[in-house]
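The values are calculated or read from the model by the stated rules, or taken from the named source; none is laboratory data. None of these values were measured; they are calculated from a predicted model. For neighbour counting, all protein chains shown are included, and Cβ atoms are generated from backbone atoms with ideal geometry for every residue, glycine included. Only protein heavy atoms, including side chains, enter the accessible area calculation; ligands, DNA and RNA are left aside. Shrake-Rupley method; radii C 1.70, N 1.55, O 1.52, S 1.80 Å.
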Amino acid sequence: LERVEEEHDRVDVLLNIAGVGGVIRTEPVTAESIRAVMEVNFVVPLTLAVYTILFHYQRRRVFEPLGREVRHNLVGLSLFVVIYQLFMSIFSVVGYAQELTWRTRRWK
């Protein structure tokens, strides 16, 4: 940053992109390290974006026409995100296992 300021007298844009990454290695990468990077860099931001879109859509298109108000409950939202992701992860693994073993699924 200092070198850029010395050469150009100012910084036009500075991006600070948070995430988890690893050092580039020549040995094989483990599935666990890939999972950790994907969870932080992809799944978490995507989940938060989807929930934000759903919140605004429901507030404007569902609750406001009915004359209802959406409460702002950060603790409730946080618990919902954690618990929902926990159950959906388990159900996803079960679904993948059934698909890989060619087991029939029963939809009720």
(request) Please indicate, with yes or no, whether at least one residue in the stretch 89-102 is assigned to a loop (DSSP other than H, G, I, E, B) and surrounded by fewer than 10 Cβ atoms within 10 Å (Cβ to Cβ). (result) yes
(message) Going by what's in this entry, would THR47 be described as modelled with pLDDT of 75 or more, open to solvent by less than 100 Å² (accessible area, probe 1.4 Å), closer than 30 Å to ARG71 by Cβ and of a type in the set (Val, Ile, Thr)?
(response) yes
(message) Quick check on the stretch 56-75: of everything there that is at pLDDT below 85 and open to solvent by less than 90 Å² (accessible area, probe 1.4 Å), which residue is farthest from VAL40 (Cα to Cα)?
(response) VAL70
(request) Could you check, for the stretch 82-89, whether at least one of its residues is out of contact with any helix residue (DSSP H, G or I) (no Cβ under 7 Å at 6 or more places or on another chain) and aromatic (Phe, Trp, Tyr)? (result) yes
(request) Quickly run through the stretch 1-26 and pick out the residues that are at pLDDT 65 or above and open to solvent by 100 Å² or more (accessible area, probe 1.4 Å). (result) LEU1, GLU2, ARG3, GLU6, GLU7, HIS8, ASP9, ARG10, ASP12
